[in-house]
Amino acid sequence: HFENCICSELYPILCVLQDNGDDSHRIAQSPVVHVRGLCEAVVEADLVEALEKFGPICYVMMMPFKRQALVEFEMVESADKCVACGSSEAVYIAGQQAFFNYSTSKRITRPTNSDNPNSGNKVLLLSIQNPLYPITTDVLYTVCNPIGSVMRIVIFKRNGIQAMVEYPFCLCAQKAKAALNGADIYAGCCTLKIEYARPTRLNVIRNDNESWDYTKPYLVRRERGKGRQRQAILGEHPSSYGDNGYGSHCPLLPLPGNSRYKLSSHDIPEVVAYPLPQSSSYNHGSSSVAMVSGLHPAKMNCTRIFNLFCLYGNIEKVKFMKSVPGTALVEMGDEYAVDRAITHLNSIKVFGKRLNVCVSKQHAVIPSQVFELEDGSSSYKDFAMTRNNRFTSQGQASKNIIQPPSCVLHYYNVPPCISEDQLLRLCSEHDVPGFTKFKMFDAKPSSKTISGLLEFDSKTHAVEVLTVLNHYQIRIPNGSNPYTLKLCFSTSSHL
């Protein structure tokens, strides 16, 4: 609910006053200022440093992937100065010119829902966006502890990957929020969005990859094989991905150079490096094969499983099990891809049936007992060489934003001649729900393809459309090669 509140607050895109003085873009005064045009590397502290000259700032909300932010001043007069200055002269944040206007909101919604605009908390809520690499207590401790002594960490999965980090004092949490809000843990991914959390203290019952109490080192660490562990998105540790074509691992984020964000600079390296484990230390008990049950017998096949699961990792092979109807084995690029698929696809509804996704005991898919599915297609298909896999290189993988299913789909690689009506007709022809809202992104005149967003009545409708139409071949008259329609879940919650 909190996430939805935030998104609804941010959706009005606010324009800066034009130089011609046109009043059509004027928005009512507000102590909250909308900031656009931020560089990728900007963090909350950069905004505070650049804008506190206009007056005291009581809250900042980062929107890293939009390169935007909301800044709430204590007084509306301070916001007036900020907007006026930005419209008359260049204001630079982290070395790049930014643009300002009033927000339509009078106050930024906080997770704590406190009436005190200056209220903070010693517990931070971290949302990790685009988590391509493992997020464990070790990783978060390495990132957060240099700024202040971390007491407890709890990682959980509700809307994607989130964590709570408890510091001993509010001042420590405030410094950590300023230094890390908007930063990437790894280059180009695992971006931190930080708010103050509701709880004032975390309760940790065991020390492991998903929770840790650093004040109680004696808490029993859960051993492998003692009960089923909750699946981590990317396994327990980052790996070099050397065998999978990803190249070397990315470094963790550089620590802020300014000493005001650190309680002590003693023995703190300029770049935090996370040690790579021995290969035998994390392969035990893991598998790159997922078992998927609850598949609709008439509407699901190998290709449609690929269309859905390829959003979370490379797909090598898919095989339906003859002995267990409605069940398939999906061999993915590595065990981390399987963990991502479990995190985001387990328990979703597709064609009226709820999927169950778990780790298989098998370590590879063997093409035995091949038979014909109800739709006439083969029960086994090898996707190792397909160009539609989206994680075949480090550069390609970093462009994927790992998102849970939502009611908004992002479409791209569509020929410019395709219209909204033609996309609706495509849905109708393939017996899937039509979208209710349509948005096309502005494209350069020289662009050979277009992209945009499609909003559906429900998350289930969006999932079914993606499952059926992802990688659909669009042919145009007199065109030599077809266009491959590509779909993924959007970071937007609605249009």
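So here's what we get for this one:
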quantity	calculated
Residues whose placed amide H lies under 5 Å from that of Arg152, excluding near-sequence neighbours	Glu166, Tyr214
Computed lengthening from Glu74 to Lys322, 0.36 nm per intervening residue step minus Cα-Cα distance	82.7 nm
Cross-link pairs Lys106/Lys444; Lys399/Lys444; Lys353/Lys437; Lys106/Lys448; Lys53/Lys437; Lys81/Lys177 - those with Cα-Cα distance over 31 Å	Lys106/Lys444; Lys106/Lys448; Lys53/Lys437
Relative frequency of Cα-Cα separations exceeding 23 Å in the range 289-392, percent	16 percent
Estimated FRET transfer efficiency when R0 is 35 angstrom, pair Glu89-Ser458 (beta carbons, to 0.05)	0.15
Three-way shape call for the range 418-480 based on the alpha-carbon gyration tensor, with the a/c threshold at 1.5	oblate
Formal net charge of residues neighbouring Ser378 (Cβ-Cβ distance under 11 Å; K, R +1; D, E -1)	-1
FRET efficiency estimate (nearest 0.05) - Cβ-Cβ, Lys361 to Gln422, R0 56 angstrom	0.80
Karplus-derived 3J(HN,Hα), 6.51/-1.76/1.60, for each residue of the range 343-355, Hz, glycine and proline x	4, 9, 10, 4, 6, 6, 9, 9, 6, x, 10, 8, 6
Rounded to whole Hz, the Karplus (6.51, -1.76, 1.60) HN-Hα couplings of the range 445-461, x for glycine and proline	x, 7, 5, 8, 9, 10, 8, x, 10, 10, 9, 10, 5, 8, 5, 4, 4
Filter on Lys66/Lys193; Lys361/Lys486; Lys157/Lys439; Lys299/Lys319 - keep pairs with C-alpha separation over 21 Å	Lys361/Lys486; Lys157/Lys439
Cβ crowding within 10 Å averaged over residues, with 305-317, 468-480, 62-74 ranked highest first	305-317, 62-74, 468-480
Under 12 Å, Cβ to Cβ, from Leu329 - net charge with Lys/Arg +1 and Asp/Glu -1	+3
Relative contact order [Cα under 8 Å, 6+ residues apart], the range 403-489, whole percent	42 percent
Charge context of Lys486, other residues only, Cβ under 13 angstrom, K/R +1, D/E -1	+3
Inter-site label distance for Glu374 and Lys399 at 7 Å from Cα along Cβ, in nm	3.7 nm
Label-point separation in nm, Phe156 to Arg201, each point 7 Å along Cα→Cβ	1.8 nm
3J(HN,Hα) from dihedral phi, the range 134-146, Karplus parametrisation 6.51/-1.76/1.60, rounded to Hz, x for glycine, proline	x, 10, 10, 4, 4, 5, 5, 5, 4, 6, 8, 5, x
Under-5 Å amide H pairs with Tyr472, H placed in peptide plane, nonlocal only	Leu485
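Just so you know, all these numbers are worked out from the coordinates, no wet-lab data involved. None of the values given here were measured: they were computed from a predicted structure. Neighbour counts are summed over all protein chains in view; Cβ atoms, including those assigned to glycine, are modelled from backbone coordinates with ideal geometry.
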